[in-house]
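Data block below; observations after.
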Amino acid sequence: MYQGIGPLPVSEDVLKIAQEELKDMDLATNLKEGITFFTAYGFDLVHKGSAKMKGGAIIGVPSYFYYKSEQDVTRSDIRLSGEKTVPWQSEAGERLQRSLIIGPDAQRFAIARELEYSRHQYPVYYGIAAAMSSIVAFSVYNYVEIRIGLRAKKMKRLQAVVLLISAGFGGTLYLLLKDSLTAYLDEKADGAAAAKGERYVRGGAEFYEKMLRRNVALRTLLPAGASRYTPHGNDNVWVRTVSTPYTIRYDRLKDKLAEIEKQATLGGASAEAKS
């Protein structure tokens, strides 16, 4: 994200959290040095690359992470699609503004989550999935071609149909593999961040709750909001599940938080009984 003629720097408070989380990360020092932070455009965190690859990784933090209260929200910098200004006085506008204020623990969880993503060589995983899908598609085409004898019979139209079907099968297989890998990485990243302690679990629940509230507000505010977001705040998808629904990620953390609180209650009761 840019401000004036240069990039908007990451705020000192958020950069401090990021550096603390990076320092605490179980990763070789030379690999940590390959991870950099920047201010991302839009409402979502961004991660590209991998700390274990030559080019390193970059993590984008949205500018609303820099807000400490609703008074800090720079309304003039926030635009809807088509450069439309937000009707801040409306109910949906007020809900959007409230959703942009998240606490330090939520910020810490989100950054720890992104660092966990950057630990994995997911570009390589996706590349392997693409290669496997291509090999399967070629194998299917080659098998059918030999089985029916398409090349010998010079049936070019049927060859084209079989090739198209094989390519479609390979593409579908790739999307299934890619989405499965993404779901695995989502669960892995959330789990790794939550495993750092109760404050991270609580912060993660807050982070996803605010994200869901934001999307519900955007569903009303955006011209095509109903087609982009569900009434609960998840991304609206038809066939593919590009990423794990936010409601699932929120529920996992809420369940984990309830379990932690239950254990704390049982531990307190046990201590009182002994005394």
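Of the residues A57, A217, A137, which exhibits the maximal mean-square fluctuation in a Gaussian network model of the chain defined by a 10 Å Cα contact cut-off?
A137
Taking a ≥ b ≥ c as the square roots of the Cα gyration tensor eigenvalues, with a/c under 1.5 meaning rounded and otherwise prolate when a/b beats b/c, else oblate, which class fits the stretch 142-220?
Oblate is the answer for the stretch 142-220, as a/c is 1.5 or above yet b/c matches or exceeds a/b.
Is it possible to state the helix-based mean residue ellipticity at 222 nm for the chain, with each DSSP H run of 4+ residues giving -39500 (n - 2.57), the sum divided by total residues, to the nearest 500 deg cm²/dmol? What is it?
Calculated at 222 nm, the ellipticity per residue is -20500 deg cm²/dmol.
What dipole magnitude, in Debye to the nearest 20, does the chain give about its Cα centre under +1 on Lys/Arg Cβ and -1 on Asp/Glu Cβ?
It comes to approximately 1440 debye.
How many percent of DSSP beta bridges within the chain run antiparallel, rounded to 5?
If I count the DSSP bridges inside the chain, around 60 percent turn out antiparallel.
Students often get this wrong, so try it: which of [x] 56; [y] 71; [z] 49 is percent of Cα pairs over 26 Å apart as calculated from the structure shown?
The value matching this structure is [x].
Could you identify which residue out of Y126, Y250, Y200 has the top mean-square fluctuation in a GNM of the chain using Cα springs shorter than 10 Å?
Largest GNM mean-square fluctuation: Y126.
Which of the listed residues, V237, I17, I58, is farthest toward the dipole's positive end in the chain, when Lys, Arg count +1 and Asp, Glu count -1 at the beta-carbon?
Value: V237.
Under a GNM of the chain (C-alpha, springs under 10 Å), which listed residue has the highest mean-square fluctuation: T29, T230, T220?
Result for the chain, Cα springs under 10 Å: T29 fluctuates most.
Which FRET efficiency value, to the nearest 0.05, do you get for S90 and E261 by plugging their Cβ-Cβ distance into 1/(1 + (r/R0)^6) with R0 = 35 Å?
The computed FRET efficiency comes out at 0.45.
Going by amide H atoms built from the backbone, whose H comes under 5 Å of the H on Y229, apart from near neighbours?
HN-HN under 5 Å from Y229: N236.
I'd like the carbon and sulfur percentage of the solvent accessible area for the stretch 219-260, probe radius 1.4 Å, heavy atoms only, ligands and nucleic acids excluded.
56
Where both partners of a DSSP beta bridge lie in the stretch 27-120, what percent of those bridges are antiparallel, to the nearest 5?
50
Just to confirm the number: angle between the C-alpha axis of helix 122-148 and the first principal axis of the chain, 0 to 90 degrees, nearest 10?
20
Taking the Cα centre of the stretch 120-275 as the origin, how large is its charge dipole in debye, to the nearest 20, when only Lys and Arg (+1) and Asp and Glu (-1) carry charge on their Cβ atoms?
Once rounded to the nearest 20, the dipole reads 820 debye.
Might you work out the accessible area of K254 for me, using a 1.4 Å probe with all protein chains in place, and round it to the nearest 10 Å²?
Near enough 90 Å² of accessible area.
If the cut-off is a Cα-Cα distance under 30 Å, which lysines reach K254, setting aside same-chain residues fewer than 8 apart in sequence?
Answer for K254, where 30 Å is the Cα cut-off: K16, K23, K48, K68, K178, K188, K196, K210, K262, listed by chain and number.
Calculate how many DSSP beta bridges within the stretch 1-73 are antiparallel, expressed in % of all such bridges and rounded to the nearest 5.
Percentage antiparallel, nearest 5: 50.
State the percentage of accessible surface on the stretch 17-100 attributable to carbon and sulfur atoms; use a 1.4 Å probe and exclude ligands, DNA and RNA.
49
May I ask for the net charge around L96, where only other residues with Cβ less than 9 Å from the Cβ of L96 are counted and Lys, Arg are +1 while Asp, Glu are -1?
+3
Using label points projected 7 Å from each Cα along Cα→Cβ, tell me how many nm separate Q121 and V237, to one decimal.
Calculated label separation equals 2.6 nm.
The values are calculated or read from the model by the stated rules, or taken from the named source; none is laboratory data. Computed from a predicted structure; not experimentally measured. Cβ coordinates were reconstructed from backbone atoms using ideal geometry, including for glycine residues, and neighbour counts include every protein chain displayed. Heads up: the accessible areas ignore ligands, DNA and RNA and are worked out on the full protein's heavy atoms, side chains in. Shrake-Rupley method; radii C 1.70, N 1.55, O 1.52, S 1.80 Å.
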